[in-house]
Amino acid sequence: MTAVLARGPPGQPDIGYSPDWEKYTARTQHRVASEQLSQELPAGFPKKLDSELVWDPKSLEASGYNWNYVLTNENIAELEGALAHFKSLGKPLGYVSQETFPLPKLHATLREVSREVHHGHGFKVVRGVPVAKHTTEENIILYAGISAHVAPIRGRQDKSYQGEKADVVLAHIKDLTATVDAASIGAPAYTTDKQVFHTDSGDVIALFALQESANGGESYLASSYYVYNELAANRPDLVRTLAEPWAFDTFGKATNKFQKRPLLHRVPDDSGRLIIQYARRSFTGYWGLPRSSDIPPITEAQAEALDAVHFTAERNAIALHFHQGDIQYANNLNIFHARGAFQDSAEKQRHLVRLWLRDPEHAWPTPAALQDRWNQLYANVTPESSVFPLVPTVRSASKGTGPGKEVATTSTGTPTA
């Protein structure tokens with residue numbers, strides 16, 4: 001167990017990574033009673049969003065939307081042929097593409113998955129990849145190959161591999177607390193903890209289940225458009241807060257100690273679409289990466305907004321159970337995702353792998369405030385430089401302070417690993 005001390009910038013509100021309902025409601029009651037809260041939305045933001053991207057569990061059920069596509073025997077035979085073809089080329093995994101992993105029959109279905117992700121309900125699950133009969137490398141080829149037909153551009157998730165400069169395009173999501181000190185973990189992806197509602201980076205997040213947990217670990221999805229409509233109708237002041245610049249902690253991973261940008265963005269076209277992009281730990285810290293003490297604290301309004309987004313998403317989310325062989329594709333610009341806590345066993349250990357993808361045909365225009373971040377993900381990633389790690393490690397952006405150093409946390413308390 002690593003000893004921890006509470007720490008953060010002076011004036012930081014009493015808020016931790018794990019949302020606290022009592023603190024949230026008390027903060028809301030205090031602000032409503034003591035402040036003159038704006039009743040106007042920020043200029044240019046709609047009172048209500050209306051599209052298939054707006055949903056809650058009841059409306060999904062009423063519409064009869066089936067978010068699963070189960071691979072047929074014919075599909076699987078085509079996948080096996082594409083895998084054999086790619087392996088025959090003798091090329092590194094960075095060269096997996098629609099051309100080197102040909103799926104002439106399944107291609108149209110996977111293109112429809114992309115359309116649904118970008119312009120339909122925002123998510124789709126491809127089920128039944130035959131994981132058990134393949135090696136880890138073969139499964140990753142299958143995953144990258146299928147995904148190349150959904151969204152062909154892969155984003156960079158790390159800039160180095162084994163001490164060398166590289167474009168790491170695949171990340172492992174797995175509990176590593178048995179082998180990695182808690183002080184070296186700065187994100188819940190490497191624990192059995194629940195993950196609160198958040199987004200990743202980039203356009204499309206793809207998660208592939210190599211193995212499922214013994215218990216728990218549900219994937220929760222919520223429409224950020226539905227959350228927006230709820231806040232716009234009941235708390236327009238919080239919409240204003242989301243649309244104002246926030247100090248994102250870089251945790252010493254960038255030249256600047258923090259980066260200022262909104263959480264809520266308008267898409268720069270005439271579509272009226274909105275984007276919410278954030279991870280809660282950027283403002284609260286997590287385990288080995290506490291919020292830095294020498295950057296601006298978040299405000300009480302921002303603390304309330306974080307909880308309002310989480311609890312509104314939580315009330316209106318659906319639960320998807322990851323089974324081995326599932327690939328979940330979600331619109332990272334419109335879908336919040338979260339994860340339930342889970343338990344592993346000797347036989348079953350939850351293990352997902354992740355790609356951050358972009359589809360030029362259906363991609364949404366990128367807001368100016370996010371362009372630098374998108375460039376870091378997608379610019380100049382080449383087949384030659386792409387790396388697909390086969391063994392789970394903590395990626396650089398999520399590494400904590402490391403063993404033997406003082407570790408601080410927010411009010412979430414001592415790490416449980």
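For first residues located in the stretch 361-376 and under 27 Å from E112 (Cβ atoms), partners that are β-branched (V, I, T) and lie 6+ apart or on another chain with Cβ distances below 6 Å form the pairs W364/V267; P365/V267; W374/T366. Determine whether W356 is surrounded by fewer than 20 Cβ atoms within 10 Å (Cβ to Cβ) and within 16 Å of the chain's Cα centre (by Cα). Spelling it out, it is not the case that W356 is surrounded by fewer than 20 Cβ atoms within 10 Å (Cβ to Cβ) and within 16 Å of the chain's Cα centre (by Cα). Taking the numbered list (1) over 26 Å from N375 (Cα atoms); (2) in a helix (DSSP H, G or I) in turn, I140 passes all entries but (1). Of the residues R261, R273, R240, R315, the single one that is closer than 20 Å to E35 by Cβ, out of contact with any Gly (no Cβ under 9 Å at 6 or more places or on another chain), at pLDDT 95 or above and not polar (S, T, N, Q) is R240.
If you filter the stretch 333-351 down to residues that are of a type in the set (S, T, N, Q) and surrounded by fewer than 22 Cβ atoms within 10 Å (Cβ to Cβ), you find that the one that is farthest from F248 (Cα to Cα) is S345. Going residue by residue through the stretch 293-310, is there one that turns out to be surrounded by 24 or more Cβ atoms within 10 Å (Cβ to Cβ), at pLDDT below 95, in contact with a Phe, Trp or Tyr (Cβ under 9 Å, 6 or more places away or on another chain) and closer than 27 Å to A182 by Cα? Within the stretch 293-310, not a single residue is surrounded by 24 or more Cβ atoms within 10 Å (Cβ to Cβ), at pLDDT below 95, in contact with a Phe, Trp or Tyr (Cβ under 9 Å, 6 or more places away or on another chain) and closer than 27 Å to A182 by Cα.
Residues that are of a type in the set (D, E, K, R) and under 29 Å from the mean Cα position of the chain (by Cα) within the stretch 18-34 comprise D20, E22, K23, R27, listed in sequence order.
For the stretch 298-323, a residue qualifies if it is within 22 Å of E212 (Cβ to Cβ) and in contact with a Lys or Arg (Cβ under 9 Å, 6 or more places away or on another chain), and the qualifying residues are F322, H323.
For the stretch 170-199, a residue qualifies if it is under 21 Å from F123 (Cα atoms) and either touching a Leu at 6+ places or on another chain (Cβ under 7 Å) or assigned to a helix (DSSP H, G or I) (or both), and the qualifying residues are L170, I173, A189.
Please determine, by comparing only the residues of the stretch 267-292 that are among the charged types (D, E, K, R) and closer than 30 Å to W67 by Cβ, which one is surrounded by the most Cβ atoms within 10 Å (Cβ to Cβ). The residue in question is R281.
Note on the stretch 129-163: among residues that are polar (S, T, N, Q) and in contact (Cβ under 8 Å) with a residue 12 or more places away in the chain, the one that is surrounded by the most Cβ atoms within 10 Å (Cβ to Cβ) is S147. Of the strands (runs of 3 or more DSSP E) lying entirely inside the stretch 215-321, those containing at least 3 residues that are in contact (Cβ under 8 Å) with a residue 24 or more places away in the chain are 219-223, 246-249, 264-266, 274-276, 318-320. Would you check if V96 is closer than 29 Å to S271 by Cα and either touching a Pro at 6+ places or on another chain (Cβ under 9 Å) or surrounded by 15 or more Cβ atoms within 10 Å (Cβ to Cβ) (or both)? Spelling it out, it is not the case that V96 is closer than 29 Å to S271 by Cα and either touching a Pro at 6+ places or on another chain (Cβ under 9 Å) or surrounded by 15 or more Cβ atoms within 10 Å (Cβ to Cβ) (or both). Within 27 Å of the chain's Cα centre (by Cα) and crowded, with 17+ Cβ neighbours inside 10 Å - does that describe any residue in the stretch 69-76? Looking for residues that are within 27 Å of the chain's Cα centre (by Cα) and crowded, with 17+ Cβ neighbours inside 10 Å, one finds at least one in the stretch 69-76, hence yes. What helices (runs of 4 or more DSSP H), lying completely within the stretch 2-116, carry at least 1 residues that are out of contact with any Ser or Thr (no Cβ under 9 Å at 6 or more places or on another chain), under 25 Å from H337 (Cβ atoms) and of a type outside the set (V, I, T)? Counting at least 1 such residues, we get 21-34, 57-63. When T179, T191 are checked against the criterion of being without any contact (Cβ under 8 Å) to a residue 40 or more places away in the chain, of a type in the set (V, I, T), surrounded by fewer than 23 Cβ atoms within 10 Å (Cβ to Cβ) and on the phi < 0 side of the Ramachandran plot, T179 stands alone in meeting it. Just for the stretch 352-383: of the residues that are in a strand (DSSP E or B) and of a type in the set (K, R), which one is farthest from G272 (Cα to Cα)? Result: R354. Cβ separations smaller than 9 Å between residues 6+ apart or across chains give the following pairs from the stretch 106-117 residues that are modelled with pLDDT of 95 or more to residues that are basic (K, R): E112/K124; V113/K124; S114/K124; E116/K124; V117/K124.
The values are calculated or read from the model by the stated rules, or taken from the named source; none is laboratory data. Note that the structure is a prediction, hence the values are computed from the model and not measured. For neighbour counting, all protein chains shown are included, and Cβ atoms are generated from backbone atoms with ideal geometry for every residue, glycine included.
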